[in-house]
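Participant: Could you have a look at this structure, given as structure tokens, before my questions?
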Amino acid sequence: MNYVKACALSELEADTPKRVELDGTPVSIVSTEGEVFAINDICSHANVSLSEGEVEDCMIECWLHGSAFDLRTGKPSGLPATRPVPVYPVKIEGGNVLVDVRASLTQES
């Protein structure tokens, strides 16, 4: 695994996405429901930053067209998006959020 530091855990606010760039990949880090998730920050429907959207029920919503993506799987909940976005493994170590953007957990359905 190739984990890199995304941010300090203390930098995260519950249900508020934080955009970071890791190895050239835009990633949205989200603390919600007692867990921390990392999802690719670009909507699969339009080239829009997901970190500018809202988080609710372990979903992040694209602010432009309203597609929501599951933070655990990257799968969209409905139209207009039809393709998932990559999600990445996360671990917390020494108060830091570490993410491996080379190991996507997303599976095409």
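Participant: Which one of the conditions (1) among the acidic types (Asp, Glu); (2) closer than 24 Å to MET1 by Cβ; (3) at pLDDT 95 or above does ASP23 fail to meet, given that it meets all the rest?
Facilitator: All conditions pass for ASP23, except number (3).
Participant: If you don't mind, there's one more thing I want to ask. List pairs: first in the stretch 63-79 and touching a residue at least 40 places away in the same chain (Cβ under 8 Å), second in a loop (DSSP other than H, G, I, E, B), Cβ under 8 Å, 6+ apart or cross-chain?
Facilitator: LEU71/CYS58
Participant: A further question on this structure: Go through ASP70, ASP41, ASP100 for me and flag whichever is at negative phi and in contact with a helix residue (DSSP H, G or I) (Cβ under 6 Å, 6 or more places away or on another chain).
Facilitator: ASP41
Participant: Does the stretch 75-87 contain any residue that is over 22 Å from LEU22 (Cβ atoms), among the aliphatic types (A, V, I, L, M) and exposed (fewer than 14 other Cβ atoms within 10 Å of the Cβ)?
Facilitator: Checked the stretch 75-87: at least one residue is over 22 Å from LEU22 (Cβ atoms), among the aliphatic types (A, V, I, L, M) and exposed (fewer than 14 other Cβ atoms within 10 Å of the Cβ).
Participant: Here are some residues: GLU13, GLU61, GLU33, GLU56. Which one is open to solvent by 80 Å² or more (accessible area, probe 1.4 Å) and more than 21 Å from GLU93 (Cβ to Cβ)?
Facilitator: GLU56
The values are calculated or read from the model by the stated rules, or taken from the named source; none is laboratory data. From a predicted model like this one, the values you see are computed outputs, not experimental measurements. Neighbour counts run over all protein chains shown; Cβ positions are idealised from the backbone, glycine included. Ligands, DNA and RNA are excluded from the accessible area calculation, which covers all protein heavy atoms including side chains. Shrake-Rupley method; radii C 1.70, N 1.55, O 1.52, S 1.80 Å.
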